Every structure is written in structure tokens, then in C-alpha cells.
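A.B. asks: Can you keep this structure in mind? I'll have questions shortly.
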Amino acid sequence: MKIPRILLCAGASGSGKTLLTCGILQALIHRGLWPASFKCGPDYIDPMFHKKVLGTTSGNLDTFFLDDESLRWLFTERAKDCDIAVLEGVMGYYDGLGGTETSASSWEIAEITDTPAILVLDCKGASLSAAAMASGFLHFRKKSHIAGVILNRVSSMYYERLAAAVEEASGLPVLGYLPESEEYRMESRHLGLFLPGEIDRLRERIGRLADQMEKSIAVDRVLEVAGMLPLRIENKEKEKTENESMEADIDGILALAEEAPELETSADLKRENPAFGYHTDEKVRIGVADDEAFCFFYADNFSLLEQMGAELVYFSPLRDKKIPDRVDGLLFGGGYPENYARELAKNAAM
């Protein structure tokens, strides 16, 4: 299955991955495309944000819980009806288990799914060091999958000089920049607390973010790297002369994006996997608490339960007066019940 795809990664948490991911997703939606979004690792916050605020299909890719083939299968299942998949990395690109391994890192997800990555560099308070970071991340692994760079928190006046330095040091194309602005800055959020008005305000901010990205980021080049458009590999004879081996490596990485590579998954995986192989013929009704107080779930777990034969019935402990009728069990996920203790206590009927 050939799915255009891109992964946004960074050197560390707080570098702007979530902001850039939301902006790119909204820019794609503005262009009439239907993107699927994924979060690397067991993070229920960002997928819920993407679904509630952006309305995208969203899921998790986590090699701690899934083997390689199951992860590829899950990816294709969620993305198969979408135009493009946008993956958001977690922490630093190579950060994995125990702080000393690449296992369960964003890089490992890129490796397993053969996804080109765009490195987001936070340039606030940095200059030439950004070029050193780009070069270092590119060469830390023989196959880094990094195919481009976006500079975050850079002024328009300084962008061209810094971009030239990054391209010269690494050979990677710089695909644009995002200036710092209060118009689209997203403060730390607790998604379970969002009210309809707050979601509208966030949509407005992300709309302004997408508008800015259309001005300062080459979105078409991002689509090229993802494999949606024919890739334009620029002539870099000067760099080839200076560092032939590095340029050969860059050409090899960029060649990944000439066409979205095919994901190889077993046609029998669904049957062979013990979890998917289980099914009960007798329908089991499960009540699922789902509101601001109880909202930390993984959509893929719900899909799995339904494939096993469960009928999921959603209800709100905050607003409904009783649990659903004829349920065989109740499922309460995490969330913010401590912030709604008064409302929960007042709902005596429930």
C-alpha cells in the first residue's frame, strides 16, 4: 500500500513539533486534502486534540506495545482512506527507552514505516549551532530518513542567512520557517477541559497558523517529500565537489520521496494475530464513560473491542441521569474527574 507520509521530528521536546504538525494538517485541509495524523508513542493527548479540534483521523504508533508488522498494519488501516499521513514525533528524534536506546523512538517509527522525516529546529537564541544540529541529526544514523528542515521561531529578516548556513553544513533543503507570534501560540493545555467555545478559539488560532505557514513554509515541497508530488532535487554540484559522500547520502535520502514507498504488510496478519483472531458471537454491550471528566482513551482499543464482538455504548457521568440499559460492563478511562468533583457529586441520579 502506497501512502504519502511525512514525520515531523525535533531535537527535543518543546521545539515546536505539535505547533508545526497542527499547522501543516490545517494547511492540508485548506487545500482540500484529507489527512490522517499519528502520534509516535503512547500519547492520548495529541490524537484527541487532532480529532476534536482539526477533525482528522488520528491514532498512535508505538513500538513498545506493537511489533513491527502489527504497527505497519495499524498504520495502513487508519491511513488507507486518507490522502496523506502526518506523523508527529515524540521528544527528541532518537530518544528511546531508558534514555540510551533508539527503541520506541520516533526514528524507529520512521525506520519501520519507511517514512521521510522533516527536522524541526527551534532557533530561538541560536544561530550557526542550528546548522551543526541539522548535520549531527542527519549523520547520527546511516539511514536517518531526514529529508528536510523547518526552522522554528526565526524572524523573516534572519531566515535566509540561517537557512543558507543550515543547507551548507548539512546538504539538507530548508523548507521554510515559522516566526514566533502570539496570534497562534498554543499555551500548555488540558484537552479534557475544552469547551465548545474554547475549541472554536483554537480552530481560529490554527487557521491563522496555517495561513502563516502558507506564506513562510514551502508546503508543496513538504508534499514532495511526503511523496504526493514529483520531487524536485535541486542541482548541488558545489556541495558534491566539497563532500561527495555526504551529497550521495542526501540524494539517497531524498530519493525515498520520489514516490511514497510501499508498506509491506502480511495479508494474513489480522487472522494470525491472536488479539484480532478472537471473536464472540454473543454481542457484549460495554458502557464507555466519555466526557470532559473521563476522556483518556485510545481509539484503536475501541476498534479492537468492536472487532472482537463488543457493542460500545457511550455515556456521560457528568450529564446523563443513569448508565446505559442492558450493559454487561462499564469502562472508565482516565481524565480529569478531580476537576469535576462538584458536578459529579451533584449528579445523584447517576
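A.B. asks: Of the residues that make up region 311-334, is at least one under 30 Å from the mean Cα position of the chain (by Cα), free of Cβ contacts under 8 Å to residues at least 60 places away in the same chain, part of a helix (DSSP H, G or I) and loosely packed, with under 15 Cβ neighbours inside 10 Å?
C.D. replies: Checking region 311-334: not a single residue is under 30 Å from the mean Cα position of the chain (by Cα), free of Cβ contacts under 8 Å to residues at least 60 places away in the same chain, part of a helix (DSSP H, G or I) and loosely packed, with under 15 Cβ neighbours inside 10 Å.
A.B. asks: Here's something else I'd like to know. So how many residues does region 113-137 have that are open to solvent by less than 10 Å² (accessible area, probe 1.4 Å) and touching a residue at least 60 places away in the same chain (Cβ under 8 Å)?
C.D. replies: The total comes to 8.
A.B. asks: Given the options E262, E292, E272, name the one that is at pLDDT below 90, closer than 25 Å to S37 by Cβ and surrounded by fewer than 16 Cβ atoms within 10 Å (Cβ to Cβ). Walk me through it before giving the result.
C.D. replies: On the way: E292 fails: surrounded by fewer than 16 Cβ atoms within 10 Å (Cβ to Cβ); E272 fails: closer than 25 Å to S37 by Cβ.
One residue alone meets the criteria, E262.
A.B. asks: Name the residue that is farthest from V174 (Cα to Cα), counting only residues in region 206-218 that are of a type outside the set (G, A, S) and crowded, with 20+ Cβ neighbours inside 10 Å.
C.D. replies: I206
A.B. asks: Then there is this: Quick check, is G197 over 15 Å from S15 (Cβ atoms), touching a Gly at 6+ places or on another chain (Cβ under 8 Å), in a helix (DSSP H, G or I) and modelled with pLDDT under 90? Walk me through how you get there before you give the answer.
C.D. replies: Working: over 15 Å from S15 (Cβ atoms): yes; touching a Gly at 6+ places or on another chain (Cβ under 8 Å): no; in a helix (DSSP H, G or I): yes; modelled with pLDDT under 90: yes.
When the stated conditions are applied, G197 does not pass them.
A.B. asks: Given (1) surrounded by fewer than 24 Cβ atoms within 10 Å (Cβ to Cβ); (2) in contact with a helix residue (DSSP H, G or I) (Cβ under 8 Å, 6 or more places away or on another chain), identify the lone condition not met by A10.
C.D. replies: The single condition A10 does not satisfy is (1).
A.B. asks: Please enumerate the residues belonging to region 304-350 that are basic (K, R) and at negative phi.
C.D. replies: From region 304-350, those basic (K, R) are 319, 321-322, 326, 342, 346; that's our starting set.
Across region 304-350, the qualifying residues are R319, K321, K322, R342, K346.
A.B. asks: Please go through region 30-74 and pick out each residue that is open to solvent by less than 10 Å² (accessible area, probe 1.4 Å), of a type in the set (A, V, I, L, M, F, W, C) and either at pLDDT below 90 or under 29 Å from R205 (Cβ atoms) (or both).
C.D. replies: A36, F38, C40, F49, V53, L61
A.B. asks: Among (1) closer than 21 Å to N60 by Cβ; (2) free of Cβ contacts under 8 Å to residues at least 12 places away in the same chain, where does A345 come up short?
C.D. replies: All conditions pass for A345, except number (1).
A.B. asks: So A163 fits all but one of (1) in contact with a helix residue (DSSP H, G or I) (Cβ under 6 Å, 6 or more places away or on another chain); (2) farther than 24 Å from G55 by Cα; what number is the exception?
C.D. replies: Checking A163 against (1) in contact with a helix residue (DSSP H, G or I) (Cβ under 6 Å, 6 or more places away or on another chain); (2) farther than 24 Å from G55 by Cα, the one that fails is (1).
A.B. asks: Is one or more of the residues making up region 138-147 at pLDDT 95 or above, in a helix (DSSP H, G or I) and open to solvent by 40 Å² or more (accessible area, probe 1.4 Å)?
C.D. replies: yes
A.B. asks: Output yes when any residue across region 306-321 is at pLDDT below 95 and in contact with a Leu (Cβ under 7 Å, 6 or more places away or on another chain), and no when none is. Step through it out loud before you land on a result.
C.D. replies: Of all residues in region 306-321, those at pLDDT below 95 come to 306-310.
Those left that are additionally in contact with a Leu (Cβ under 7 Å, 6 or more places away or on another chain): 306.
There is at least one residue in region 306-321 that is at pLDDT below 95 and in contact with a Leu (Cβ under 7 Å, 6 or more places away or on another chain).
The values are calculated or read from the model by the stated rules, or taken from the named source; none is laboratory data. Here the structure is a predicted model, which means the values were calculated and not measured. All Cβ positions, even for glycine, are placed from backbone atoms using ideal geometry, and neighbour counts span all protein chains on display. Quick note on the areas: whole protein, heavy atoms, side chains included, nothing else; ligands and nucleic acids left out. Shrake-Rupley method; radii C 1.70, N 1.55, O 1.52, S 1.80 Å.
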